Amino acid sequence: MTSIWLDRIETFTSDPFEPDSKYDTVVAGAGLTGLVTALLLARSGQKVLVIEARFPGAVTTGNTTAKVTLLQGTFLSQLARQYSAKQVQAYVDANREGQAWLLRYLDEHQVPYQRRDAYTYAATPQGTEKLREEVSAGTTAGLDMEYVRDAGLPFAVHGAVRLPDQAQINPMQVLDTLMADIRSRGGTIVSGVRLRDVTGDIPSAVKTDRGSVRADRVVLATGIPVLDRGLYFAKLKPSRSYAAALQLQEGQEPPPGMYISVEQPTHSLRDFEHNGRRLLLVGGHGHHVGRAQSEKAHLDGLLDWSRQHYPGAVTTHTWSAQDYMATNLMPFFGKLPRGKGHVYFGTGYNKWGMTNAVAAAVGISADILGGQVPWADTIHHRVTSPSGALSAVALNAGVAAKLASGWGQLAAEGLKTEGAKALKKGKEQPAPAAAPVVPAEGQGEVYREGTRPVAASTVDGTTCKLSAVCTHLGGIVHWNDSELTWDCPLHGSRFSSEGKLLEGPATRDLPQAGKA
């Protein structure tokens, strides 16, 4: 599964990594948040290093649907139910500035993008009330939203919210431009280097899997913070959703705007010109990471919906992306708690990262450089509503139950580790096979060998046996039958079939079975 953005000939050339070097700021993560932050700091004259564990755009930015819009489903009305009008306005102002900064930057650097009207549509009569709430919340915050009957879709809808003159981008073109700009200002960008820890006072030791450097400031732009000091893994729900690019039949055209449905499962649509043809990009059918009975069924459901509404369409690409949903809805950015005042982060963009990422970068760089951003101050001083607090409690109760359940399966087989003993009360699921197994091609299974939980899979004819215990907080991993990966159902860490860490709050690979 490769996104249409990452399916390209261009390759990234890494700068050399120089252990023991000293920088003003080290940015971990070469997605949109990290690169915009790095550019803003480099513009100010700072010596900046960007480190990326895999390659630029490898995670969310390179797998997004890339809508740069202030109409974000029904998100503003959800915010308005939890927060004051001042807080909602601050969120809109942040996203407005993020959008304006990005589009102005693309204009200045002659990077193409497309203007499109954005729509949130209701496929059922029950969804129209949510649309009217969104219009009310949006217009109160100064957005030129309107309720319309016709959204220009080839299937019937019961109404839609329209916000004109929004935008859509190719995210990798944006990252390429940002990286060239950063390097032109003396910045360094290194791939294949994973952050492990940050210790000490200024300058801090920034520890990686390839040695340490020192920095006065560190920015965590890793999707979810890979340092657990603020316990943000307990405040965020990891969500995986799916996307596909479709080549339509002759006589069919993608609809004229950008779209997202009110109803679940979500259906998102936009167009993209590729090799001289306008393709339709569809997305949605998300779920909590590591908790789907079959990820492939979610992708199949999205493709079935697409074929129903666009008969004869040919799928050219399929992919998926991971987003982090804040339990209190509002994104987090700024100084990391217990980071001694010199570790910064951005996370929890709730699937709307093209504007929120840039806003977070603006806020973070202002903090580092001594500036002040009114909307950022307002967002920082929010108070979590009772419903937001209940969402966090429910999320972590589910995490505890899932942790207990995973170990309970193994404990039921006779596994008597300290982790299993501490988690006896969880709801048990049917026990996995007790004997060593060789899974069929494309399959993975969790079982025990002696007293060890093992995750075994067979991919391309090779069977790998790994520890089934996530290296973050000890969850039992789950086989993703769509992407052939091991996914942790607790906080969303994901590993390849060979155990290589792909994303999430973990900082280490899954070891081979039998190894610590």
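The values are calculated or read from the model by the stated rules, or taken from the named source; none is laboratory data. Note that the coordinates shown come from a computational prediction; the quantities given were computed from them, not determined experimentally. All Cβ positions, glycine included, derive from the backbone under ideal geometry; neighbour counts span all protein chains shown.
Okay, here's what the table says:
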quantity: Qualifying residue in the stretch 80-87 (condition: under 29 Å from Ser320 (Cβ atoms) and not in a loop (DSSP other than H, G, I, E, B)); calculated: yes
quantity: Per-region count, the stretch 476-508, residues part of a loop (DSSP other than H, G, I, E, B) and closer than 20 Å to Pro439 by Cβ; calculated: 11
quantity: Scope the stretch 331-371; condition more than 19 Å from the chain's Cα centre (by Cα), of a type in the set (Lys, Arg) and either closer than 21 Å to Ala42 by Cα or buried (at least 21 other Cβ atoms within 10 Å of the Cβ) (or both); matching residues; calculated: Lys335
quantity: Identity of the residue in the stretch 98-120, touching a residue at least 12 places away in the same chain (Cβ under 8 Å) and small (Gly, Ala, Ser), that ends up farthest from Val161 (Cα to Cα); calculated: Gly98
quantity: Exclusive hit being over 30 Å from Phe75 (Cα atoms), in contact (Cβ under 8 Å) with a residue 40 or more places away in the chain and surrounded by fewer than 17 Cβ atoms within 10 Å (Cβ to Cβ), set Gly192, Gly152, Gly200; calculated: Gly192
quantity: Out of Gln322, Gln308, sole residue that is outside any loop (DSSP other than H, G, I, E, B), among the polar types (S, T, N, Q) and in contact with a strand residue (DSSP E or B) (Cβ under 7 Å, 6 or more places away or on another chain); calculated: Gln322
quantity: When residues of the stretch 216-227 are limited to those that are crowded, with 18+ Cβ neighbours inside 10 Å and in a strand (DSSP E or B), the one farthest from the chain's Cα centre (by Cα); calculated: Arg217
quantity: In the stretch 228-272, the residues that are in contact with a Leu (Cβ under 7 Å, 6 or more places away or on another chain), of a type in the set (A, V, I, L, M, F, W, C) and part of a loop (DSSP other than H, G, I, E, B); calculated: Leu248, Val262
quantity: Those residues of the stretch 185-197 which are over 23 Å from the mean Cα position of the chain (by Cα) and either at negative phi or not assigned by TED's automatic domain parsing to the domain that holds Thr37 (or both), in sequence order; calculated: Arg185, Gly187, Thr188
quantity: Subset of the stretch 1-41 [of a type in the set (Gly, Ala, Ser), crowded, with 24+ Cβ neighbours inside 10 Å and over 19 Å from Glu503 (Cβ atoms)]; calculated: Ala38
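Residue by residue, here is whether (1) surrounded by fewer than 23 Cβ atoms within 10 Å (Cβ to Cβ); (2) charged (D, E, K, R); (3) in a loop (DSSP other than H, G, I, E, B) holds:
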site	(1), (2), (3)
Gly45	yes, no, yes
Arg54	yes, yes, yes
Gly57	no, no, yes
Thr65	no, no, yes
Leu76	no, no, no
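Residue-by-condition table, conditions (1) modelled with pLDDT under 95; (2) exposed (fewer than 15 other Cβ atoms within 10 Å of the Cβ); (3) basic (Lys, Arg); (4) out of contact with any Phe, Trp or Tyr (no Cβ under 8 Å at 6 or more places or on another chain):
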site	(1), (2), (3), (4)
Arg214	no, no, yes, no
Ser241	no, no, no, yes
Gly257	no, no, no, no
Glu273	yes, yes, no, yes
His298	no, no, no, no
